[in-house]
Amino acid sequence: MTAAYETLNRLLAGETPSAAELAGLLKAQGKLRERLYAAADQVRSDKHGAAIHLRGIIEFSNVCKNNCWYCGIRCDNPNVTRYRMSFDEIAETAANARKWGCGTVVLQSGDDPFFNAETLSKILRRIKTETGLAITLSVGVRTRKELEIFKAAGCDRYLLRFETTSNALFTAMHPDESFESRTQCLQDLRTLDYQVGSGFMIGLPGTTLEMIANDILFATRLGLDMIGCGPFLAHPDTPFAGKPLLEDRSVYYKAIALLRLLNPYAHMPATTAFDALEPEGRNLVLRCGANVFMPNITPGKYRSMYQLYPNKPCVDEDGAACAICVRGRIAGLQREVGTGPGHSIRKTADASK
Ligand code: SAM
Ligand code: FES
């Protein structure tokens, strides 16, 4: 038996391999790779069943004060037409999320100072009162005080990726932030009793398999309720323009499968970037560990202005079309649309140990 087969067996027996061993599994091809995907799909099925939870994402502002090197809406990109949705538009879109069968609404934006504790808490209260949906915020690093205010206003969950555990890479590509401020924010979210989501971009420029393995292990150590990862895709208007994809595209999927094996109870979305990587990308991820789908319900007129990376899918669609399309995809996978808010099962599972 090869060393990588042995690592997979030990992983399936509940052991956490070293970064070097995980890097070995990220190289898997042929039968071993299929075995990895099948094992991850089995764990997803055992712990989460056939349900795929729908979280409708509203990209409510593309204004950003930051200049992250990878991101298409970074403040220095002059080719972006900036927009902010009005309170009424955000609330109406959230009401559509409910109508279209989403148990959660995800509010995402650039790091936009207009949406501070006061404005965002007004929106959160309104959505909670009008829809009763679970609410996830994804608005970048915020102070503990702000996070407290969001929580009191009805926010249930928060998504903040750590992006990479390589200090050198993190520092180079985040002129406005430190790794410590991100991890402090994740820590604050945990102590404020949020359901916490994080993750990283797979295949940032200069990434080695060992670095991806370290990211997988770090995400696992964080004990996350949700893990969202997707491929890095180079945007032409950024300092990373023209940077290539990983030569072995299956590494993106193997990373997801390994995360699932190490984090059986975490909710894991098939992130939109997988569809930009290849047309069936999100379907493939749903077959190797993911159990959440985030249909884009942002009104059609704003979608082309929120392009973090090229080839973003569905920029010419509207929310209703995405909501219909996702049901077809789920049926095609012989899975079901999840009911209810789809809260963290990790917490319940840990409590019962
Ligand atoms: N401003 C918030 C934040 O920074 O957490 C939320 C919006 S931010 C654009 C959402 C995520 O998009 C980032 O965490 C990053 O991982 C991802 N992203 C940005 N540019 C990307 C790219 N070129 N390829 C893949 N993912 C990208
Ligand atoms: Fe601000 Fe990407 S640089 S959202």
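Some points to look at:
- Counted residues, the stretch 142-172 - those being within 16 Å of ligand 1 (Cβ to nearest atom) and buried (at least 18 other Cβ atoms within 10 Å of the Cβ): 17
- E118 passes every criterion in (1) without any contact (Cβ under 8 Å) to a residue 60 or more places away in the chain; (2) under 18 Å from the mean Cα position of the chain (by Cα) apart from (2).
- Among (1) under 13 Å from G72 (Cβ atoms); (2) in contact with a Pro (Cβ under 9 Å, 6 or more places away or on another chain), the one test that F274 misses: (1)
- The residue that is farthest from ligand 1 (Cβ to nearest atom), counting only those in the stretch 61-82 that are farther than 18 Å from E177 by Cβ and not hydroxyl-bearing (S, T, Y), is P78.
- Of all positions in the stretch 52-61, none carries a residue that is assigned to a loop (DSSP other than H, G, I, E, B) and either farther than 30 Å from T119 by Cβ or among the small types (G, A, S) (or both).
- Helices (runs of 4 or more DSSP H) contained entirely in the stretch 123-217, each with at least 2 residues that are within 16 Å of ligand 2 (Cβ to nearest atom): 167-173, 179-191
- Only a single criterion out of (1) within 24 Å of T298 (Cβ to Cβ); (2) more than 16 Å from ligand 2 (Cβ to nearest atom); (3) of a type in the set (D, E); (4) surrounded by 17 or more Cβ atoms within 10 Å (Cβ to Cβ) is not satisfied by D88, namely (4).
- All positions within the stretch 48-85 that are crowded, with 21+ Cβ neighbours inside 10 Å and basic (K, R): R55, R74
- The residue list T143, T129, T136 contains one member that is closer than 16 Å to G56 by Cα and not aliphatic (A, V, I, L, M), which is T136.
- All helices (runs of 4 or more DSSP H) inside the stretch 249-307 with 1 or more residues being crowded, with 24+ Cβ neighbours inside 10 Å and touching a Gly at 6+ places or on another chain (Cβ under 6 Å): 250-262, 273-277
- Residue that is farthest from F218 (Cα to Cα), among those in the stretch 182-204 that are surrounded by 19 or more Cβ atoms within 10 Å (Cβ to Cβ) and of a type in the set (S, T, Y): Y194
- G101 meets all of the listed conditions (1) of a type outside the set (V, I, T); (2) away from ligand 2 (no atom under 16 Å from the Cβ); (3) crowded, with 23+ Cβ neighbours inside 10 Å but one, namely (3).
Rule-based calculations on the coordinates, nothing more; no lab input. Source: prediction; values computed, not measured. Counting neighbours? That spans all protein chains shown, and the Cβs are built from the backbone with ideal geometry, glycine included.
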